[in-house]
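*Asks:* Attaching a single structure in structure tokens format; questions to follow.
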Amino acid sequence: MVDFIEFLNGRDWLMADGATGTNLFNMGLESGDCPEIWNDTKPDNIRALYRGAVEAGSDLFLTNSFGANRSRLKLHDAGHRAYELSKRSAELGREIADAAGRTVIVAGSVGPTGDIMEPTGSLSHADAVDIFEETARGLKDGGADILWLETISAPEEYRAAAEAFGRVEMPWVGTMSFDTAGRTMMGVTSPALVDLVKNLDNPPVAFGANCGVGASDLLRTVLGFHQAYPDIPIVAKGNAGIPKYIDGEIHYDGTPELMAQYAILARAAGAKIIGGCCGTTPEHLVKMREALDTQEIGPRPSLEAISSALGAFSSESDGTDVDVKSVQKERRARRRSAKQAAA
């Protein structure tokens, strides 16, 4: 296992991996299947997933454990396997990292529980902490170097995960998904996440954004992070373009060349850990690594420079001056329209 903090401090930047779901779907995973079950039934596919990122130049990759918690796994009658499948995902990752011939970080992916926490929902803080701890222990025992919380939208879940990770005594990285006009689904803005991180008893060693809408929106959020809290490493893990429904399936329109531009702009915007999320394949990662290796860090990009290079923002605001109720109403309307279009 690698001392991630020492490794991070010794580098100007790190390149993370790309998408898990996109690449597994390309290997034959069907909609509705449980990706984490593949850690047991198709381990060679998971090795290929990890190896693809490493061979493309990633300095770290996330394990196939995003949904490996008992709340999500119970949908596949596998809630009792959370620890086992988490551990197996990290063991497979350890194999690939140790054979890389260079230092590669195994980051234990931890996604949201899938439940709504109190007071809005029924999941208590104590139960959420227990759920996150079970997954985290599996990842630790399997050999993960660090825990990686991702695609979180609620501050309550972020706090519960932080407490759980403290119990297992592992450093962690935490990202949220800002997909609602600059806010998370539960209304968190980039300054609000900064305040949350600053006030945790067990703060992450790096924080940032993943997924969301497109690369432009994510970099606008990263600029907000860097302005509010430049003293901690920032993560940018944006989607490869904008998701579009084509013939009943979601496709991402970001080319490898666009993602190379995104990587350079992300670094200039203040991100130290740069990767891709949905739609990002090894082909994208190769171009991103090449750009990061060969191009110097440029000046901090303006919003105009970002939109010119990567495409227009999906909303006029970064969420800091928008009423959250109107944003959530807009999001629900878009979901209804998307469902009707796909029907």
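The values are calculated or read from the model by the stated rules, or taken from the named source; none is laboratory data. None of these values were measured; they are calculated from a predicted model. When we count neighbours, we look across all protein chains shown, and the Cβ atoms used for this are built from the backbone with ideal geometry, even at glycine.
*Asks:* In the set ILE146, ILE152, which member is buried (at least 16 other Cβ atoms within 10 Å of the Cβ), touching a residue at least 60 places away in the same chain (Cβ under 8 Å), in contact with a Phe, Trp or Tyr (Cβ under 6 Å, 6 or more places away or on another chain) and closer than 30 Å to ASN199 by Cα?
*Replies:* Result of the check over ILE146, ILE152: ILE146.
*Asks:* Another question about this same structure. Considering only the range 120-127, I want to know if a residue exists there that is modelled with pLDDT of 95 or more, under 27 Å from ILE273 (Cβ atoms) and out of contact with any Pro (no Cβ under 6 Å at 6 or more places or on another chain).
*Replies:* The answer is no; no qualifying residue exists.
*Asks:* Condition (residue is buried (at least 18 other Cβ atoms within 10 Å of the Cβ) and either modelled with pLDDT under 95 or part of a helix (DSSP H, G or I) (or both)) applied to the range 101-110: is it met by at least one residue?
*Replies:* No; the residues of the range 101-110 include none that is buried (at least 18 other Cβ atoms within 10 Å of the Cβ) and either modelled with pLDDT under 95 or part of a helix (DSSP H, G or I) (or both).
*Asks:* Continuing with this model, one more query. Among the numbered criteria (1) surrounded by fewer than 22 Cβ atoms within 10 Å (Cβ to Cβ); (2) within 24 Å of LEU24 (Cβ to Cβ); (3) in contact (Cβ under 8 Å) with a residue 12 or more places away in the chain, which one does GLY238 miss?
*Replies:* For GLY238, the failing item is (1).
*Asks:* Additional query: For the range 243-284, give me every one of the strands (runs of 3 or more DSSP E) that falls completely inside it and has 2 or more residues that are modelled with pLDDT of 95 or more and within 14 Å of LEU219 (Cα to Cα).
*Replies:* 273-276
*Asks:* A follow-up question, please. Give the range 66-84 a look and list any residue that's part of a helix (DSSP H, G or I) and farther than 18 Å from GLY21 by Cα, or say none. Steps first, please.
*Replies:* To start, the set of residues in the range 66-84 that are part of a helix (DSSP H, G or I) comprises 70-76, 79-84.
Correct list: ARG70, SER71, LYS74, GLY79, HIS80, ARG81, ALA82, TYR83, GLU84.
*Asks:* Which one of these is surrounded by fewer than 22 Cβ atoms within 10 Å (Cβ to Cβ) and under 18 Å from PHE7 (Cβ atoms): ARG94, ARG51? Write out each step before concluding.
*Replies:* Numbers: ARG51 fails: under 18 Å from PHE7 (Cβ atoms).
Sole residue among the options that is surrounded by fewer than 22 Cβ atoms within 10 Å (Cβ to Cβ) and under 18 Å from PHE7 (Cβ atoms): ARG94.
*Asks:* Hey, another quick one. Please tell me if THR151 is of a type in the set (Ser, Thr, Tyr), within 25 Å of LEU85 (Cα to Cα), modelled with pLDDT of 95 or more and outside any strand (DSSP E or B).
*Replies:* In short, no.
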